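Structure, as structure tokens:
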Amino acid sequence: MEKPAICGGTPACSTPVQYGKQYIDDADIQAVTNVLKSDFLTCGPQIPALEKKFREVTGAKYAVAVSNGTAALHIACIAAGIGPGDEVITTPVTFAASANCVSYCGGKPVFADINPETYNIDPLAVEACITPGTKAVLPVHFTGQAVAYDEIAAICKKHGLILIQDAAHAVGTHYKGKPIGSLADMTCFSCHPVKTVTSGEGGVVTTNDEELYKKLLLARSHGITRDQSQMLNPIDDPWYYEMISLGYNYRLTDMQAALLSSQLDKLPAFSKRRKDIVDRYNEAFQDVDGVIIQKEIPESDTTRHLYILQLDPDVLTCSRRQFFDAMHAENILCQVHYIPVYHLPYYQRLGYPVGLCPKAERLYERILSIPLYYSLTDEQVDGVILAVKKICAYYHK
Ligand SMILES: *Cc1c(COP(=O)(O)O)cnc(C)c1O
């Protein structure tokens, strides 16, 4: 085996490769340009057109487009009625926003540990966290792989809890043949540029429940309604509106909506390429001594957002930091997803103890995310595989 670049070998990739990256084509650019030349930059026809497309992709009855994935999670918590004293169970292996949305509402995020093989929240751990204060469960389809949905939905039903899914990683994923977005009370998507489809910034909430849908619309736009049936004092003046709850301005612009609609046209191609790359990585890494791959569950037909390698400290002499730096020297810019949320200083100050979720913490110590995106070339995929093999061989005990 060749020497790793960190010890003077040739880098496996000739130019730097990011872990994630958007793909924008001429159709996307045209879609945005058309809006710029039109009458509406926001609150125009692109929003309902996008929401219709999102309903088609997810099979949901209603879709509400918002300014980002965090806003999607926030209005879902508002619609669920989360307030002071309410507990919401989520995973520590996620981006901070999955817990912050609960904190915004004055609620308390409660962290349930993960399954150490799939990296998704463990339904048994969820059930063990339920108290009289529990109001909702907010699982994350981590890396894009569906959580054990049926088990979690059964727990929610048994205890009368609302189920909100963080599907920021999971657009295009199906669970038992059903698209993510058609299941659960509400499902929240992010369209940040590292995610599978993007609008720059953007997010969508889907639901099948009309009452929740109405609450989501109010929370997105200041709590203002022009629907007389929702008004306290309906007056038939054309300019009249009422603000009936405290909402936000979480609207998406028409430029962003047009971009996202155009991106959704490419979702089948994006999914296919991501699956191809995951298959190639899985095949290459299953026999590499030193790395462990994420277990895939048969119920999930996964459009993967992240590809995570777990380093095996029983085999490797190097630290995760040394592995990370060695990958960097190969021109492969890895990342780590994620620092357990309750390790972040804000949550530490609220008193969450280190050691709360030992399986999540152990995973965090060992992982790094390698490049996965639509336009990653076969040559770059081969480069990533070669780099991992070189580094594992070099640092083998
Ligand atoms: C990206 C992400 C979010 C937040 O989405 P934004 O669009 O960046 O606000 C929430 N949850 C998870 C798991 C994410 O990866």
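The values are calculated or read from the model by the stated rules, or taken from the named source; none is laboratory data. Every value quoted in this text rests on a predicted model; they were computed, and no experiment measured them. Cβ coordinates were reconstructed from backbone atoms using ideal geometry, including for glycine residues, and neighbour counts include every protein chain displayed. These accessible areas exclude ligands, DNA and RNA; they are computed on the full protein's heavy atoms, side chains included. Shrake-Rupley method; radii C 1.70, N 1.55, O 1.52, S 1.80 Å.
Would you check which residues across region 118-171 are free of Cβ contacts under 8 Å to residues at least 40 places away in the same chain, small (Gly, Ala, Ser) and within 16 Å of the ligand (Cβ to nearest atom) and list them? ALA167 - this is the single residue of region 118-171 that is free of Cβ contacts under 8 Å to residues at least 40 places away in the same chain, small (Gly, Ala, Ser) and within 16 Å of the ligand (Cβ to nearest atom). Screening GLN335 with (1) closer than 28 Å to VAL171 by Cα; (2) crowded, with 18+ Cβ neighbours inside 10 Å gives one miss only, at (2). Answer yes if at least one residue in region 87-106 is closer than 23 Å to TYR342 by Cα, away from the ligand (no atom under 16 Å from the Cβ) and not aromatic (Phe, Trp, Tyr), and no otherwise. Looking through region 87-106, at least one residue is closer than 23 Å to TYR342 by Cα, away from the ligand (no atom under 16 Å from the Cβ) and not aromatic (Phe, Trp, Tyr). Filtering region 37-70 to residues that are surrounded by fewer than 14 Cβ atoms within 10 Å (Cβ to Cβ) and among the basic types (Lys, Arg) leaves LYS37, LYS52, LYS61. Of all residues in region 176-193, exactly one satisfies the criterion of being under 25 Å from PRO116 (Cβ atoms), within 16 Å of the ligand (Cβ to nearest atom) and open to solvent by 10 Å² or more (accessible area, probe 1.4 Å), namely ALA184.
Across region 365-383, a minimum of one residue is classified as over 25 Å from the mean Cα position of the chain (by Cα) and buried (at least 16 other Cβ atoms within 10 Å of the Cβ). The condition of being of a type in the set (D, E, K, R) and in contact with a Cys (Cβ under 8 Å, 6 or more places away or on another chain) does not hold for ASP122.
So ILE235 ticks every box in (1) open to solvent by 60 Å² or more (accessible area, probe 1.4 Å); (2) β-branched (Val, Ile, Thr); (3) under 22 Å from the mean Cα position of the chain (by Cα) but one. Which box is left unticked? Going through the list (1) open to solvent by 60 Å² or more (accessible area, probe 1.4 Å); (2) β-branched (Val, Ile, Thr); (3) under 22 Å from the mean Cα position of the chain (by Cα), ILE235 breaks only (3). The single condition among (1) free of Cβ contacts under 8 Å to residues at least 60 places away in the same chain; (2) touching a Lys or Arg at 6+ places or on another chain (Cβ under 8 Å) that VAL110 does not satisfy is (2).
Per the listing SER261, SER271, the residue uniquely outside any strand (DSSP E or B), more than 16 Å from the ligand (Cβ to nearest atom) and within 30 Å of LYS37 (Cβ to Cβ) is SER261.
Whether any residue in region 305-323 is in contact with a Lys or Arg (Cβ under 7 Å, 6 or more places away or on another chain), surrounded by 14 or more Cβ atoms within 10 Å (Cβ to Cβ), among the hydroxyl-bearing types (Ser, Thr, Tyr) and not in a helix (DSSP H, G or I) is what I want to check. Scanning region 305-323 turns up no residue that is in contact with a Lys or Arg (Cβ under 7 Å, 6 or more places away or on another chain), surrounded by 14 or more Cβ atoms within 10 Å (Cβ to Cβ), among the hydroxyl-bearing types (Ser, Thr, Tyr) and not in a helix (DSSP H, G or I). In the set ASP254, ASP237, ASP209, ASP227, only one residue is within 26 Å of CYS129 (Cβ to Cβ), acidic (Asp, Glu) and outside the structural domain of ARG273 (by TED's automatic domain parsing); that residue is ASP209.
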